[in-house]
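Structure, as structure tokens:
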Amino acid sequence: MGTVLRGFTRRHIFAIAVGVLLAGAPLIAFDVWLSGLIDQQGQADVDTSAQRAISLAEARVDRVIDVLDELAAAGAGSCTPENMAAMRQGAFEAFPIKEIAIIGPDGRALCTDLGLPLGHRNIVSSEPLPGSLDTWIDVIQLLGGERAVRLRRKLAGSAESIGALVPAIGFLPQLTARGDGSSAYTRVETRGGGLIGQLGVRPTAGASANFVSRKNSRRYGFRVEVSLPRGGFIAKHAGIERLGMLVTAGVILALVCSSILIPRRDPNNPVDELKRAMAAGEFVPYYQPIVDIRSGQLRGAEVLVRWKKPDGSLVLPGSFIPLAESSGLIRGMTRDLMRRVCVEAGAAIGRRPALKISFNFSGQLFSNDSIVKDVRAIFSNSPIKLSQVVLEVTERDPIENFTATRQTIAALQGLGVRIAIDDVGTGHSGLSYMLKLGVDIIKIDKMFVDAIGTDRNSTTIVETLIDLAHNMRMDVVAEGVESFEQVTHLRDLGIRSAQGYVFAPPLPGSAFLQLIEAIDPMSAAGEPSAAAPTRLALARNRSEAA
Ligand code: G
Ligand code: G
Ligand code: MN
């Protein structure tokens with residue numbers, strides 16, 4: 001049984017490995033695809049943020065320049081009260097201007113709309129604003145350390161200019177495109193590299209570890225950088241990734257399970273056809289009588305399966321038993337057949353304890369002791385006693401696992417069942433090998449029966465077989481007996497039991513039951529009466545097809 005189990009496991013490990021590979025490939029592909037998607041999403045996010053920062057900065061500058069243009073056009077050029085009122089009005093209207101000032105040639109504020117200069121301011125950078133002739137952009141550090149952008153416009157015919165101060169924070173987008181607080185780093189500079197402001201913490205790891213977007217404002221030269229640590233972004237989306245993997249795994253599992261569990265119904269598949277026929281009860285037992293050639297009494301019968309198709313045709317086992325064996329259906333088929341015999345002939349056989357009923361068992365059924373349970377379960381609930389059951393194992397097919405077969409045979413014999421070797425003389429295993437199985441009966445093949453009396457060697461072989469069997473306390477049954485001459489020869493050789501067309505072909509259940517009643521009628525007391533051997537030959541006329 002060890003090798004059976006090992007073979008089973010190896011095959012299944014292989015199947016599982018193939019399954020894992022087949023299921024794993026789409027999972028990995030999905031993972032790669034999803035990672036790619038998340039990467040794309042991360043890059044798209046930083047690109048969008050950078051674009052938004054540029055739009056924001058440009059919109060701020062547009063607004064401020066409008067105000068400065070208006071003030072310049074209105075002639076505001078000095079620190080007069082009227083001018084300062086106009087500047088106040090402009091600053092008030094143009095959010096987020098913090099302050100409007102008249103600025104001297106040295107860059108210092110001469111006066112502001114608030115009436116006083118806003119303390120010391122350190123000019124970090126100063127450069128002409130691209131795209132406008134008379135406007136400058138200064139980055140200024142206020143006393144508290146925070147930065148501001150000052151847009152300054154030269155006043156015509158004057159050394160002074162008018163400037164508007166906007167806190168740097170007004171140039172930095174506070175929210176991401178999705179409206180949530182960003183974990184991205186944002187940096188906005190002037191074209192000359194003056195740092196206007198930055199938000200967040202600049203990722204330190206190498207460039208490939210981050211999603212980075214750098215964009216320049218075409219109109220005003222602002223340089224924006226947005227970067228986002230890849231790890232953080234992926235971690236944020238790991239939930240989605242895991243969920244996706246789970247869903248994919250589920251779908252694959254469902255596909256694999258359904259392909260295994262839902263049997264594909266192919267009407268041309270012969271195994272499916274066998275299954276269907278089994279479910280429809282199309283396999284029926286036929287019974288070939290086994291006769292005591294000394295007394296003429298019925299000794300029992302061999303069950304031979306027939307496939308009775310719905311169209312009424314009868315198929316012989318030679319054309320479906322091999323497929324039943326290779327597909328593993330043979331165990332169920334044999335079980336069904338034994339149950340049917342119990343139902344159909346159980347009463348008639350059970351009442352005649354001397355009758356034996358033989359079943360053909362494929363060799364593979366003996367390699368596993370589960371058949372012992374099957375046999376016990378079927379016959380312990382039937383009128384047929386286990387001691388009336390004979391199981392035939394053919395010599396024709398090699399025995400796959402000798403030890404297991406011997407153990408199963410011993411277990412069956414323990415139940416009272418007897419074992420016969422079928423087709424003796426035709427196999428390749430050798431009789432002595434077969435006899436080591438510890439069987440109870442040998443069935444001599446038709447081939448030898450035919451040769452008796454005509455072929456000297458065959459006669460000798462049969463004589464030897466019979467001697468051997470008697471020495472080993474085994475019974476002998478001759479098969480395929482077709483003539484009374486053969487019966488006489490077999491009787492002379494000391495053989496007691498025979499089957500063959502000379503007595504009866506395999507009979508359908510009803511004919512077999514009639515035959516039993518005819519040759520061995522039960523008395524009112526339930527005792528079998530004396531046999532009526534002369535009736536046996538009559539059964540020949542009841543052909544199988546009848
Ligand atoms: O019945 P027939 O005359 O064609 O039998 C042909 C062969 O089919 C026989 O040698 C017999 O061993 C085999 N056979 C018949 N019935 C069964 C069965 O129920 N199980 C198995 N395994 N073989 C069977
Ligand atoms: O299991 P086994 O191979 O012993 O089955 C017996 C086979 O021999 C079956 O196919 C059965 O139909 C067939 N058979 C039974 N009696 C005779 C007979 O007298 N002559 C011939 N030719 N075949 C027989
Ligand atoms: Mn047989």
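The values are calculated or read from the model by the stated rules, or taken from the named source; none is laboratory data. Model, not experiment: these values are computed from the prediction. Neighbour counts are summed over all protein chains in view; Cβ atoms, including those assigned to glycine, are modelled from backbone coordinates with ideal geometry.
Checked against (1) assigned to a helix (DSSP H, G or I); (2) within 14 Å of ligand 1 (Cβ to nearest atom); (3) more than 39 Å from the chain's Cα centre (by Cα), Ser358 meets all criteria but (1).
Among the conditions (1) more than 16 Å from ligand 3 (Cβ to nearest atom); (2) surrounded by fewer than 18 Cβ atoms within 10 Å (Cβ to Cβ); (3) more than 16 Å from Tyr501 (Cα to Cα), Asp292 misses just one, which is (3). Here the stretch 364-383 is the region considered, the condition is being more than 33 Å from the chain's Cα centre (by Cα), part of a helix (DSSP H, G or I) and not charged (D, E, K, R), and the residue that is nearest to ligand 3 (Cβ to nearest atom) is Val375. Tell me whether the stretch 384-391 contains one or more residues that are away from ligand 3 (no atom under 16 Å from the Cβ), under 24 Å from Gly480 (Cα atoms) and out of contact with any helix residue (DSSP H, G or I) (no Cβ under 9 Å at 6 or more places or on another chain). No, there is no match, as no residue in the stretch 384-391 is away from ligand 3 (no atom under 16 Å from the Cβ), under 24 Å from Gly480 (Cα atoms) and out of contact with any helix residue (DSSP H, G or I) (no Cβ under 9 Å at 6 or more places or on another chain). Within the stretch 301-317, does at least one residue satisfy the condition of being closer than 23 Å to Lys385 by Cβ and more than 10 Å from ligand 1 (Cβ to nearest atom)? Scanning the stretch 301-317 turns up at least one residue that is closer than 23 Å to Lys385 by Cβ and more than 10 Å from ligand 1 (Cβ to nearest atom).
For the stretch 256-263, the condition of being modelled with pLDDT of 75 or more and of a type in the set (Gly, Ala, Ser) holds for none of the residues. Assess whether Gly77 counts as being at pLDDT below 75 and not in a helix (DSSP H, G or I). Yes.
Within the stretch 444-473, the set of residues being assigned to a loop (DSSP other than H, G, I, E, B) and either out of contact with any strand residue (DSSP E or B) (no Cβ under 6 Å at 6 or more places or on another chain) or not assigned by TED's automatic domain parsing to the domain that holds Tyr433 (or both) comprises Ile452, Gly453, Thr454, Asp455, Met472, Arg473. Here Gln413 clears all of (1) under 21 Å from Ala354 (Cβ atoms); (2) in contact (Cβ under 8 Å) with a residue 60 or more places away in the chain; (3) surrounded by fewer than 20 Cβ atoms within 10 Å (Cβ to Cβ) except the condition numbered (2). For the structure I just gave you, tell me whether Val305 is within 16 Å of ligand 2 (Cβ to nearest atom) and in a helix (DSSP H, G or I). Spelling it out, it is not the case that Val305 is within 16 Å of ligand 2 (Cβ to nearest atom) and in a helix (DSSP H, G or I).
One residue alone among Pro105, Pro96 is within 18 Å of Ile137 (Cβ to Cβ), without any contact (Cβ under 8 Å) to a residue 60 or more places away in the chain and in the same structural domain as Ile123 (by TED's automatic domain parsing), and that residue is Pro105. In this structure, Gly427 does not qualify as part of a loop (DSSP other than H, G, I, E, B) and more than 16 Å from ligand 1 (Cβ to nearest atom). Look at (1) part of a helix (DSSP H, G or I); (2) modelled with pLDDT of 90 or more; (3) in contact with a strand residue (DSSP E or B) (Cβ under 7 Å, 6 or more places away or on another chain) and you find that Val393 fails only one, number (1).
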